[in-house]
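Everything below concerns the one structure shown next.
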Amino acid sequence: MKKKLLLLTMAASAVIAFAAKDPVLMTINGKDVKLSEFEYLYHKNNAQQLQKESLEQYVDRFVVYKLKVADAEAAGLDTLESFKKELEGYRRDIVAPFLQDTTVIEELEKEAYQRTLHTVEASHIMRPLGNGIFGGVKESMFMDSLYTALKNGADFEEAALKYSVDRTVQRNKGNQGFVIAGRFPITFEEAAFATPVGEISKPFPTQYGYHIVKTLSDKETKGTVLVEHILKLYKDKGDSAKVKAKEAIYSIYERVKNGEDFEAIAKAESEDPGSAKDGGKLPWFGFGRMVKPFEDVSFSLANGEISEPFETPYGYHIVKKLDSKPNPSFEEIKDRLHQTIMMDERSERPRQAKIEQLKKECNFKMNPGFEKYIDETLNAYGSYDSIYVTDVLGKSNVTFCTFDNVTIPVSRFSTRLTTREKSDIVPAKYYIMQRAGVFGGEELMRYYQNALIEKNPDFMNLLNEYHDGNLLFEISNRKVWEGASKDTEGLENYFNQHRADFNWDTPHFKGIILKAKNDSVMNLVKADIAQWAEADSLTSKLFNKYHSDIKMERMLVAKGENPLVDYLLFGGAKPEQVDKKYTTAMVLEGGIKNQPEAAGDVLGQVTSAYQDELEKKWVEELKAKYPVVINKKVLKKVK
C-alpha cells in the first residue's frame, strides 16, 4: 500500500511540474488558455507590427479574439464537416516539416552537385523485378547469391552475358557507358558513383529491375562547349566509301583553312541532317554526351579554333569551337537539383533520417527473438498463406518492437503482410524480414505524429492558430462582414440615422445615360421619349424597340471622373469619341446631386461604418455572455 501511495505521489508531482512549466494564463467560457499559446501569438503579432503594442493593449485584443472563437464554437462551427476536413488538411501540411530531418535535404543537394562534377563509366547486370511479391523476392534472393559469387571472384562480364536481361548485353557485355548525373534512375546513378572504381555494388532495385553495378572509371567533367561541325558520312564500312569520305573532308578542310566561311560550307556540304541547316551548329553539350573522339577534339580546342579532320563511328568531321563554359556553381543549379530530388526516391530520405533519429530518442528496440519466432512458426505451419498470416501471426501476442513505453505486438505487424499470395518457407521468411525492417519505423513515425500536439509546442501553436483563425473568420463573416453587406434594410436605416457623416466634396451625376449609333437613331429615340414620358417602363420599351442601336448605362460618377458626363452635365469639353460603337449621347434619367440621397450612393462607406457598429455591439454582447478570468500572477511571467 505504501509503495502504491508513493507511486501515485510521484505521478502527481510529475503532472504538477509539467503544469508549472506551462500554466493557465486565462480561462474564457470555461476553456483554458496556456501561457505558451499567448506568448507565441503575442510575439508573432509584435514581429509583424511596425509599432509594437504594449502587453496590456494586446491582452485586451487577445481576449476579444478568444471571445469570438468561443462564440463560433458555441454556434457549432467547429463541428461542421467542411471545417474538420480543412483543419485536417492543414494539419497534414504543417506536420510535414516535423516528420523529416530537413538537414538531409541540403546534404542531398550538395551530394547531387558533386556528381555533376564527375562522370563514371559503369557496367551492370540486370534481372527482372519478378511477378508478384514472391516473384520479386526470389529475384532479390538470386541477386544476393550472384553478388556473393562476384565478390568471391566470378567474372563480371561472363555473369552479365549469362544472367542479365538487359537487351543490349550481347553487344556491350553490360557496359552502359558514362553515367551522367540526372540521366539514369537515381538509385542506379548513386550506386555507380558510390562504388569505387573496379568494385561492385550491392544489389538494388529500380523501376526496371534488380541491378548489380561495376564502376569502371571516374573522370572529372569539363563544363560545356558550343561547336559547329562538318560531317562526311560513309554509310557502309567498305574501304572505297571511307576513302571517298576522307578525300571529301580533306578537300573541305583546305577550303576552310584558306578562309572560306565555315557555316556556309557546312550548310552546303555537311551530311549531318540535324545541324547542316544551322551551319553545322550543335546544342551546348558536356562530357559524356557525344562519342568519345568527337568529345575529345571539341574540348581540346581553343575558342574559335578549327580542328583537323578526324574520324568517329559516324564518319569524318571538322569541328570549330565557338565557346565554352565552366561547370555551374552550386548556387546556380541548387533550385533545379532540389526539384529533381523532390521528384524521385530521395524525397523519402529526410523522413527515413527522422525515423532513425526517433529510434534513438524513443529507445526503439526490435524483439531480438522475432526472427527465431518467424522461423519456428513457418516451419511448424509448413508454408506461407493467408491462414498463416491471419491465424498464426494475426493472433500472436509476441512482441514485435518497443519504444517510449509502447509495445507493438506481432499481430499488428501481420496487418501489413500480403494475404493474396502463397509461398514456400525460404522466400516467405525473406519477405517477412524485409517488411519487418520497414514496419517498425512506420509505427514509430505514426506514434510520433499522433503525439506531436503534446510533445511539440510549435506544432500545437500553429495548429491552434489555424483552428481559431478559421473559426474567427467564419463567425466574423456571418456576424459582421457578410451580415452587414446583405442587410439592405439595416444599411439604409444606418445611413438615414447618420446622414451627416456621409458627404461628397464634389457634385455627382446620378441617373441613366443613353447612347445611340447615330443622330438619326437618336432623333427617333427622342421622339419616342416625348410620347412615352409618363410610361413606367420607359427603358424596357426603348430597349425592346431599338435593341443594339442604343445603349443605356446607369451611372453614379463625380464631376471630373467621366468625360462624357462632364460634357453633358458639367459644361466640360466634348469628347472626341462617345463610344467605339455609338456616336451620340443624352441624359435619359436623373441629374446632378450635391449630396448622397441613399445608402447605395455611398455603399462602401456606409457598409464599412455599419460593420464597425455591428462589431462594437457584438463585442459588448460577447463580454456580457462569456466569462473571462485572467491570472494576473501568470501574466507577469510573459516574456
Item checked: Label zone at Glu613, where the point sits 7 Å out along the Cα-to-Cβ direction: the range 473-510 residues whose backbone N lies under 14 Å -> 484-485, 487-502
Notebook entry, point to check: Going by the alpha-carbon gyration tensor, a ≥ b ≥ c the square roots of its eigenvalues, is the range 79-164 rounded (a/c under 1.5) or, if a/c is not under 1.5, prolate (a/b greater than b/c) versus oblate?
Noted result: oblate
Note to self: Rolling a 1.4 Å sphere over the protein heavy atoms, what is the accessible area per residue of the range 49-190, to the nearest Å²?
What the structure shows: 54
Notebook entry, point to check: Under a 1.4 Å probe, what is the accessible area of the range 463-510 per residue, stated in Å²?
Noted result: 56
Next item on the list: Just tell me which lysines come within less than 30 Å, Cα to Cα, of Lys510; anything on the same chain fewer than 8 places away is out.
Entry: Lys486, Lys526, Lys541, Lys545, Lys551, Lys559, Lys574, Lys580, Lys581, Lys593
Margin query: For a quick check of understanding: with a 1.4 angstrom probe and all protein chains in place, what accessible area in square angstrom does His317 have, to the nearest ten?
Written below: 10
Notebook entry, point to check: Roughly speaking, what is the centre-to-centre gap between the range 371-406 and the range 197-249 when only Cα atoms are used, to the nearest Å?
Noted result: 52
Notebook entry, point to check: Size of the dipole of the range 427-498 about the Cα centre, Lys and Arg at +1 and Asp and Glu at -1 on the beta carbon, nothing else charged, in debye to 20?
Noted result: 600
Notebook entry, point to check: Mind listing the Cα extents of the range 401-506 along all three principal axes, in Å, largest one first?
Noted result: 92, 33, 26
Note to self: Charges on Cβ only, +1 for Lys and Arg, -1 for Asp and Glu, centred on the Cα centroid of the range 67-134; of Ala96, Leu77, Pro128, which one is farthest towards the dipole's positive end?
What the structure shows: Pro128
Next item on the list: Work out how much length Thr407 to Thr419 would gain on full extension: take 0.36 nm times their residue separation and subtract the Cα-Cα distance, in nm to one decimal.
Entry: 1.9 nm
Margin query: Once you order the gyration tensor axes a ≥ b ≥ c over the Cα atoms, which shape class does the range 56-203 get: rounded for a/c under 1.5, otherwise prolate or oblate by comparing a/b with b/c?
Written below: prolate
Notebook entry, point to check: How big is the charge dipole of the chain about its Cα centre, in debye rounded to the nearest 20, if each Lys and Arg gets +1 on its Cβ and each Asp and Glu gets -1 on its Cβ?
Noted result: 1500
Next item on the list: Using only the Cα atoms of the chain, build the gyration tensor, take square roots of its eigenvalues as a ≥ b ≥ c, and label the shape rounded, prolate or oblate: rounded if a/c is under 1.5, else prolate if a/b is larger than b/c, else oblate.
Entry: oblate
Check: In degrees from 0 to 90, rounded to the nearest 10, what is the angle of the helix 519-531 Cα long axis to the longest principal axis of the chain?
Finding: 40
Margin query: I'd like the carbon and sulfur percentage of the solvent accessible area for the chain, probe radius 1.4 Å, heavy atoms only, ligands and nucleic acids excluded.
Written below: 51
Checklist line | Surface per residue (accessible, 1.4 Å probe) for the range 513-570, Å² | finding: 60
Check: Once you charge only the Cβ atoms, +1 for Lys and Arg and -1 for Asp and Glu, what is the size of the charge dipole of the range 125-242 about its Cα centre, to the nearest 20 debye?
Finding: 340
Item checked: Proximal lysine pairs, the range 279-391, alpha carbons under 20 Å, eight or more residues apart or interchain -> 9
Checklist line | Partners for Lys639 among lysines (Cα-Cα distance below 20 Å; same-chain residues under 8 apart left out) | finding: Lys21, Lys34, Lys44, Lys52
Checklist line | Sites Glu86 and Ser485, calculated FRET efficiency, Cβ-Cβ separation with R0 25 Å, nearest 0.05 | finding: 0.60
Note to self: Taking 0.36 nm per residue of sequence separation and subtracting the Cα-Cα distance, how much length would be gained by fully extending the chain between Ser329 and Asn258, in nm to one decimal?
What the structure shows: 21.6 nm
Notebook entry, point to check: Considering only Phe502, Met433, Phe459, whose Cα is most displaced toward the positive end of the charge dipole of the range 426-520, charges sitting on Cβ of Lys, Arg (+1) and Asp, Glu (-1)?
Noted result: Met433
Margin query: Quick check: convex hull over the Cα atoms of the range 336-428, volume per residue in Å³, rounded to an integer?
Written below: 129
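The values are calculated or read from the model by the stated rules, or taken from the named source; none is laboratory data. For clarity, every value in this text was computed on a predicted model and none was experimentally measured. All Cβ positions, glycine included, derive from the backbone under ideal geometry; neighbour counts span all protein chains shown. The protein model used for the area step is the full one, side chains on, heavy atoms only, and it has no ligands, DNA or RNA in it. Shrake-Rupley method; radii C 1.70, N 1.55, O 1.52, S 1.80 Å.
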